[in-house]
1. Round to a whole angstrom and tell me the spacing of the C-alpha centers of region 127-173 and region 56-109.
2. Leaving out ligands, DNA and RNA, what percent of the accessible area of region 12-142 is carbon and sulfur, probe 1.4 Å?
3. Using alpha carbons only, how many degrees (0 to 90, rounded to 10) separate the axis of helix 120-133 from the longest principal axis of the chain?
4. When you have a sec, figure out the Kirkwood radius of region 55-149 from all distinct Cα pair distances and drop it here in Å to one decimal?
5. I want to verify the translational diffusion coefficient of region 9-75 in µm²/s; compute it with Stokes-Einstein, Rh as the Kirkwood radius over Cα pairs, at 37 °C and 0.692 mPa s.
6. Relative contact order of the chain, please, whole-number percent, based on alpha carbon pairs below 8 angstrom and at least 6 residues apart.
7. Sum -39500 (n - 2.57) across every DSSP H segment of at least 4 residues in the chain, then divide by the residue count to get the 222 nm mean residue ellipticity, nearest 500.
8. Per residue, how big is the convex hull of the chain when only Cα atoms are used? Give it in Å³.
Amino acid sequence: MTTYGTTNVDQAGTELVDVNCTVNGQTAHFRVPAHRTLMDALRYDLGLTGTKTCCAEGECGACTILINEQAVNSCLMLAAEVEGLDLLTVEGLGAGSSCGMNDLQESFLEAGAVQCGFCIPGQVMSAEYLLRTNPEPSVEDIREGMSGNLCRCAGYQRIVEAVQRTAAKRAAR
Ligand code: FES
Ligand code: FES
């Protein structure tokens, strides 16, 4: 069951919601209009612009984040719906590493999978989810698992290679 944040109404009559959640391991609080999407709240209220706005209707995957370890399109959720939940955005993946990236992000660079870069945060978050749920994916598993993420530069083969590289690195640990 979804728990919503506390609702208030400002002087102009706009319904506002107070939301408390965890973002990238840190406690977060924000007050947003009740209709604001999670994607917009991340970008404009929390300043986490790694999450990209593209189609805004669940078709491209550019806004993918993890919520309670599940991959979601943040454009399809309201910010008010994440009360008490645990969010991971692309900014949080490399937290604690000296280069600011985790092994998956490094693999995207090593495989030459980044062209214009616009789709990459969403690709990385979907790949992270895939590898957490299927640590040794086949090529077909990767294509299937990443099928919700579109790349207009059509760098799909190198994205598959980046995921394979990461799986190999993690298996070797
Ligand atoms: S911006 Fe969310 S799926 Fe395209
Ligand atoms: S790298 Fe340009 S859209 Fe994917």
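1. The distance from the Cα centre of region 127-173 to that of region 56-109 comes to 15 Å.
2. The C+S portion of the solvent-accessible surface of region 12-142 is 48 percent.
3. Helix 120-133 sits at roughly 80 degrees to that axis.
4. 14.0
5. 257
6. Taking the mean separation of contacting Cα pairs over the length of the chain, I get 21 percent.
7. -8500 deg cm²/dmol
8. Convex hull of Cα atoms, per residue: 122 Å³.
The values are calculated or read from the model by the stated rules, or taken from the named source; none is laboratory data. Everything numeric here is computed off the predicted structure, so don't read it as measured data. Note that we place each Cβ from the backbone using ideal geometry, even for glycine, and neighbour counts take in every protein chain shown. Each accessible area value is taken on the protein alone, full model and side chains, heavy atoms only, with ligands, DNA and RNA left out. Shrake-Rupley method; radii C 1.70, N 1.55, O 1.52, S 1.80 Å.
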